[in-house]
Amino acid sequence: MIKTINHVIALLLQRRTSQENAQRPSLVVNAKTILNEAPPEIKIALEGSSDWDYDILELERITEKRPLVYLGMKIFERFRMGHYLNASADILCNWLKLIEANYRQSNSYHNSTHAGDVLHASACFLDCDRVKSLLDPLDIMASLIAAIVHDVDHPGVTSAFLCNSHNPLALLYNDSAVLESHHAALAFKLTTSNDRVNIFKGLESDEYRSIRSSIIDMVLATEMTKHFSYLSKFVDCLNASKNTAIADDGTELKVIESSSENRMLAKRILIKCADISNPARNWILSKEWALRILDEYMCQYDEEDKEGLPLTMHMFNREKCNVPQSQRSFYDYFVKDLFKAWHSFAHIPHVMKNIEENYDHWRNVEQKGIKYFRELNELRNSKDMP
């Protein structure tokens, strides 16, 4: 009996390699059981969910703004999440429902559809051969979980607004990375609140510490005030590499040495690209996401103006903001260099093509004399929209 128990314990402690993880006892009920119970229209909407141009907005419509649990279970199945976390399908599903319930569906942008979109982008990046070769299973699990929780309970305003309005969260986190700290802390508070939702319960203590550290680090990396610092470190990592590889299309790619520090740098850039991946989607999806985030920003401007707070969103006055110009500025300032660096490692040519095409689309919109949010909003679902 003692020998049998010791054997089981030994199996539970094994990790990292696929051979080791294959020996771990699994509590997983096939995730297809839950997915098979979904209505036919949801099953159809989940088709093609591994493709970069997947339409999550259609899934949002069919699920009445609750797409995260279905897409989450689909992606969890694809990445064998239950196996590596040693968690049952019921626990995974319960957890997804809990996290989704704590996203504010009243937000036009920062809601569970955005979480699902970031999860989808992260999964696509994790499917890249070069990314898979660098990261280990716990890195991959951490990346998927961080994507799901990275904006949980987002209030629809920025950290600067919370600080200027003396919000309790700003007081709690000393005006530093207020939202990101809240998202990470709440995610773990919710997850560990009950065994029926605790996706980490089946992990060994060292595994839990490792994955918790990674998730927190990745969520904090989404803070845009540190964008250039994170990007600079990743570029330095790429430039330090002495080895290159040639992709099938002839693109020269950087080879990153597998170390804990380099893996963390890669995970930070992965979630940063996923978080602002809207400019890299196809034009139909990209312009809708742009209008959604603009709506939030403009509502914040209105609130700041009404309450006499500092106008941190001064460029988003809905009567004056040149939307196509602001979008191209965002591409120039944040998007292009970030994705260029990621592409030089992960090789994402289709994504890069979308970015260039969308940049040109916004230029064409402005050339047609369509500049303001009101005009774009009126043409939102019209065939006249460029």
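Solvent-accessible surface of the chain, taken per residue with a 1.4 Å probe and all protein chains present: 46 Å². Would you please give the residues with an amide H less than 5 Å from that of ASN322, counting only those at least 5 places away or on a separate chain, with H modeled from the backbone geometry? Amide H to amide H, under 5 Å and 5 or more residues apart or across chains, ASN322 pairs with nothing. For segment 122-166, taking the reciprocal of the average inverse distance between every pair of different Cα atoms yields a Kirkwood hydrodynamic radius of 12.7 Å. Value of Rg to Rh for segment 43-172, rounded to two decimals, is 1.01; Kirkwood radius and Rg both from alpha-carbon coordinates. The alpha carbon convex hull volume per residue for the chain rounds to 152 Å³. Among the protein heavy atoms of segment 160-257, carbon and sulfur supply 49% of the accessible surface, probe 1.4 Å, non-protein parts ignored. From most to least packed by mean Cβ count within 10 Å, the peptides 101-111, 78-88, 117-127 give 117-127, 78-88, 101-111. Split the accessible area of segment 111-156 by element, probe 1.4 Å, and carbon with sulfur accounts for 45%. Could you tell me what percent of the accessible area of segment 264-335 is made up of carbon and sulfur, with a 1.4 Å probe and every protein chain present? The computed percentage sits at 53.
Given +1 at the Cβ of Lys and Arg, -1 at the Cβ of Asp and Glu and no other charges, the dipole of the chain around its Cα centre is 700 debye to the nearest 20. Using the Cβ-Cβ distance between ILE246 and LYS132 with R0 set to 25 Å, the FRET efficiency from 1/(1 + (r/R0)^6) comes to roughly 0.85. Say the cut-off is 20 Å between C-alpha atoms; which of LYS336/LYS371; LYS226/LYS272; LYS226/LYS267; LYS233/LYS267; LYS43/LYS97 go over it? Listed pairs above 20 Å: LYS336/LYS371. When both segment 78-130 and segment 308-371 are represented by their alpha-carbon centers, they are found 26 Å apart. Helix 178-191 and the long axis of the chain differ in direction by around 40°, with both axes built from C-alpha atoms.
Once the convex hull of all Cα atoms in segment 138-280 is built, its volume per residue stands at 149 Å³.
Its residue count N fixes a reference of 2.2 N^0.38 Å for segment 251-381, and the Cα radius of gyration divided by that reference is 1.23. Taken over segment 191-252, the convex hull of the Cα atoms encloses 187 Å³ per residue. With the charge dipole of segment 153-291 set up from +1 on Lys and Arg Cβ and -1 on Asp and Glu Cβ about the Cα centre, the Cα lying farthest toward the positive end among the listed residues PHE161, ILE246, ILE284 is that of PHE161. Which longest run of the chain has no exposed loop site in it, a site being GluC sites (Glu not before Pro) in a DSSP loop with at most 14 other beta carbons within 10 Å, and the site itself not part of the run? That would be 65-203. A 1.4 Å probe over all protein chains sorts ASP206, ASP136, ASP248 by accessible area into ASP248, ASP206, ASP136, starting with the largest. Considering only the Cα atoms of segment 238-302, their convex hull presents on average a projected area of 7.0 nm². Rolled with a 1.4 Å probe across the full set of protein chains, the surface gives ARG66 an accessible area near 90 Å².
The values are calculated or read from the model by the stated rules, or taken from the named source; none is laboratory data. Because the structure is a prediction, the values reported are computed rather than measured. FYI the Cβ positions are ideal-geometry reconstructions off the backbone, even for glycines, and counts take in every protein chain you see. Areas reflect the complete protein model, heavy atoms only, side chains present, ligands, DNA and RNA absent. Shrake-Rupley method; radii C 1.70, N 1.55, O 1.52, S 1.80 Å.
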